[in-house]
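Novice: Quick one: the structure is below, and I'll ask about it shortly.
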Amino acid sequence: MARRRKSKRKLVVIGLLVGLLLAGGSAYTVFLDSIVRNRFEGKRFALPGWVYARPLELYPGLKLTVADLTAELSLLRYRWAPDPRKPGCYHVVNQTVELVSRPFVFGDGSQKSLSLQVRFDGGRVTRLMSREGRGPLDLVRLDPALIGGIYPRKNEDRVLVRLDEAPQHLINALIAMEDRRFYSHNGIDPRGIARAIFATATGDGVQGGSTLTQQLVKNFFLTPERTIRRKLTEMVMAVLLEIHYSKPEILETYLNEVYLGHDGNRAIHGFGLAASFFFDKPLNHLTLSEVALLVGMLKGPSYYSPRSHPQRALERRNLVLAAMTGEGFINKQQLLAARQAPLGTIHHPPRGTSPYPAFLSLVHRQLRRNYRDEDLRSEGLRIFTTLDPRLQYRAEGVLSKRLKQLERDRRMAPKTLQGALIVTSTQNAEVQAVVGGRDPRFQGFNRALDARRPIGSLIKPVVYLAALQQPQRYTLATLLDDSPLVYRQAGADDWAPKNYDRKFHGSVSLRSALVNSYNVSTVRLGLDLGISKVMSLLRQLGIERDLPDYASNLLGSTHLSPLEVTQLYQTIAGGGFRTPLRAIREVLTADGKLLQRYPLNVEQVVDPEPLYLLSVALQEVVREGTARRLKDILSPDLDIAGKTGSTDDLRDSWFAGFCGNRLAVVWVGRDDNQPTGLTGASGAMKLWGEMMAVTEPEPLILAVPDHIERAWVDPLSGLRSSAECRNAVLLPFIAGSAPTKPAICEPLSAGRSIKGWFERIFRR
């Protein structure tokens, strides 16, 4: 009798409060109806932009080892299996890798899952076969690694799923655990609502009992406050939602909206993303026990987290399984099997925060040239980049290891030195790796993009290129003055540049001045050319900022970032063709339609002949000049071209260089701008060499322009010589610019002439 009176009291409370809301708030109800319809009929979710690395393309003849491929598969989170049959699995036997690729939508269309056999020999792919009887294959692209996201303002992340993609076990678990009368009520369950409102009215706090529709309304439209007014608003909006939309529409939205945890500052929303985050699987591949675990977490994602509180999560999962059995969705045998299954969550979830923040920062900056920031954060764009994950990983490892070694060698305190590194393709200016500091996961200051430091001797090739563009005045054999100089300019102190070795070298060839990085002869040359001409050429080669015409800029007092230096040397490595660095290949919409490609944009800004002469001289820098110790790390047969760079008091150590397939720029220094004691050769160059050594460098074979001829010259006089003369060197010249006046020839000693001749001519 008492229980009956108590129930009647609850109904009275419900009727009174609902009646007041409806009778006195009809205008408010109309307002709520407009909110429901506008939000639900518009774009329901802000979808993050997803950023992918370049896809690995497999084909016969590709330079790749078994270890390289398995490392790539590991980055892609492929799993080892004794007999791979499912997408995302692989197996290795000696020099053969068997794998099943994942399906993926690229900009040029969809690629289905393929069962492959990849055979290797001699560090190359020798055969690519279908395991499904389709015979040899010419080319297969693996799905690219997801390397990060551009998230909405609230840092919500989700993978949208359609209702027909959700496993039936998931729907059944939700019905059994959260809303047994979902398909029969009209948005509210009177008994559940009565229990919740009565508890609130009596001060016991808001209790459970909300329908799935109410839960969706609370998460989708309302704030989390726990008041009677909010609860009643929730009820009205739930009814309105059910009036306008079908049960499948409501359920599908619920599946994508629910909150299921955090990954750092990223919020995990929806079962689609949760399946990946906790199990590294698509939602439709989850087992019964895995589905039950996710549904059990709805009550408290942090409290029932399987990673933080596995025992709680296990008990909650089993409770969901029991509820499913009670509702007849699974039988006793299925219950027992599912209860015995482990939680099955992966220990290291796919990272939401990018593991490559420095590279992602470059991507974001390039995207902002074409897209609004809000579109990047909400439209679900799929951004395909140029990042090579294996090369990035190796570059990060070399930078960290070498900085530690330099600190030990010089007895510095740990973490004193910092560095930055950028790697590009010499063929197409694609940025393949960016390391913004010794901690590659740090998301703060990005030294590769934002640290503007004096570039020192890295400016010198620009000075010499400006000279070589005037072949009637300057050639590689032209003699320069390396005697003491005092530069006087009104309004400034006198400037007397010195060479690094504190010596003056008198009359030296242009080639020798660059190879040995002499300061004084470089300044004299720059002053003769005109400082403004050198600065203009610097901009022509790709530096977009205006730089003052200071004489000190001829020795690199100019402050540039590693990214800007990379653009400068990219034009040099490209033979005088300026190609803007690009980190993005194409952008797709959320449904896989091509939105924009980022094609090559090539412009010839320097004639090939003077650029060829400069590149030959930069090869000599590595062969016998300031970068000659590079041969201790890399084979001389690679014929690398490069330039060391050091600044005043040895505060900055630089090296920029390129081989046949890659260009890299390295900076080493201190954030507090104190001296490091490192020259370009003792710091950045060693790091550059070690990085290149693990990235399959190819020999640099310079294309010889049509109007190039070669002549033997005497380096001391700059006059014409011959192969039989002592100290003669064979140099390239732009046609018509080689010296004609003969030098005094001192013959080679007998018995050494033939050997010396062969050594000198083939070394060139």
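Novice: Would you tally the residues in segment 708-727 being closer than 18 Å to Leu514 by Cα, of a type outside the set (Ser, Thr, Tyr) and not in a strand (DSSP E or B)?
Specialist: Number satisfying all stated conditions: 4.
Novice: Filtering segment 638-650 down to residues that are touching a Gly at 6+ places or on another chain (Cβ under 6 Å) and not small (Gly, Ala, Ser), which residue is surrounded by the most Cβ atoms within 10 Å (Cβ to Cβ)?
Specialist: Once the filter is applied, the top-ranked residue is Thr644.
Novice: While we're here: Within segment 119-152, track down each residue that is in contact with a helix residue (DSSP H, G or I) (Cβ under 6 Å, 6 or more places away or on another chain) and either over 17 Å from Pro103 (Cα atoms) or of a type in the set (Phe, Trp, Tyr) (or both).
Specialist: Those that are in contact with a helix residue (DSSP H, G or I) (Cβ under 6 Å, 6 or more places away or on another chain) and either over 17 Å from Pro103 (Cα atoms) or of a type in the set (Phe, Trp, Tyr) (or both): Phe120, Gly148, Ile150, Pro152.
Novice: Kindly provide the set of residues from segment 535-569 that are under 21 Å from Gln418 (Cβ atoms) and among the acidic types (Asp, Glu), ordered by number.
Specialist: Glu564, the sole residue that qualifies.
Novice: If you don't mind, there's one more thing I want to ask. When Phe120 is evaluated against the numbered criteria (1) within 27 Å of the chain's Cα centre (by Cα); (2) modelled with pLDDT of 95 or more, which criterion, by number, is the only one it fails?
Specialist: Of everything listed in (1) within 27 Å of the chain's Cα centre (by Cα); (2) modelled with pLDDT of 95 or more, Phe120 misses just condition (1).
Novice: Still on this structure, I have one more. Name every residue in segment 227-249 that is crowded, with 17+ Cβ neighbours inside 10 Å, charged (D, E, K, R) and over 12 Å from Val36 (Cβ atoms), in order of residue number.
Specialist: Lys231
Novice: In segment 244-284, which residues are under 25 Å from Tyr78 (Cβ atoms), at pLDDT 85 or above and part of a loop (DSSP other than H, G, I, E, B)?
Specialist: Residue satisfying the conditions is Gly270 alone.
Novice: Something else: Looking at (1) crowded, with 22+ Cβ neighbours inside 10 Å; (2) within 15 Å of the chain's Cα centre (by Cα), which is the only condition Phe442 fails?
Specialist: Exception for Phe442: condition (1).
Novice: So which residues in segment 164-186 are part of a helix (DSSP H, G or I) and farther than 21 Å from Tyr245 by Cβ, if there are any at all?
Specialist: Within segment 164-186, Gln168, His169, Asn172, Ala173, Ala176, Met177 meet the criteria.
Novice: Sticking with this structure for a sec: I'm trying to understand the selection: among the residues of segment 89-102, which are free of Cβ contacts under 8 Å to residues at least 40 places away in the same chain and part of a loop (DSSP other than H, G, I, E, B)?
Specialist: Asn94, Gln95
Condition check ((1) without any contact (Cβ under 8 Å) to a residue 60 or more places away in the chain; (2) touching a helix residue (DSSP H, G or I) at 6+ places or on another chain (Cβ under 6 Å); (3) buried (at least 16 other Cβ atoms within 10 Å of the Cβ)) across all residues:
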site	(1), (2), (3)
Glu586	no, no, yes
Thr589	no, no, no
Gly592	no, no, no
Val622	yes, yes, yes
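One line per residue, one yes/no per condition, for (1) over 26 Å from the mean Cα position of the chain (by Cα); (2) at pLDDT 85 or above:
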position: Leu22; (1), (2): yes, no
position: Gly25; (1), (2): yes, no
position: Ile35; (1), (2): yes, no
position: Arg39; (1), (2): yes, no
position: Gly42; (1), (2): yes, no
position: Trp50; (1), (2): no, yes
position: Leu58; (1), (2): no, yes
position: Asp68; (1), (2): no, yes
position: Pro84; (1), (2): yes, yes
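Novice: Could you say which residue among Val434, Val363 is under 18 Å from Gly149 (Cα atoms), at pLDDT below 95 and either part of a strand (DSSP E or B) or assigned by TED's automatic domain parsing to the domain that holds Val565 (or both)?
Specialist: After ruling out the rest, the residue left standing is Val363.
Novice: Out of (1) modelled with pLDDT under 95; (2) among the polar types (S, T, N, Q); (3) within 21 Å of Trp712 (Cβ to Cβ), the odd one out for Gln489 is which?
Specialist: Only one criterion is unmet by Gln489, namely (3).
Novice: If you take the residues of segment 97-123 that are among the hydroxyl-bearing types (Ser, Thr, Tyr) and surrounded by fewer than 15 Cβ atoms within 10 Å (Cβ to Cβ), which of them is farthest from Asn284 (Cα to Cα)?
Specialist: Ser110
Novice: For segment 328-344, what are the residues that are surrounded by 14 or more Cβ atoms within 10 Å (Cβ to Cβ) and modelled with pLDDT of 90 or more? Give the derivation first.
Specialist: Restricting attention to segment 328-344, the residues satisfying the condition of being surrounded by 14 or more Cβ atoms within 10 Å (Cβ to Cβ) are 329-330, 334-335, 337-339, 341, 343-344.
Hits for segment 328-344 are Phe329, Ile330, Gln334, Leu335, Ala337, Ala338, Arg339, Ala341, Leu343.
The values are calculated or read from the model by the stated rules, or taken from the named source; none is laboratory data. In this text, all values refer to a predicted model and were calculated from it rather than measured experimentally. Reconstructed Cβ throughout: ideal geometry from the backbone, glycine too, with neighbour counts over all protein chains shown.
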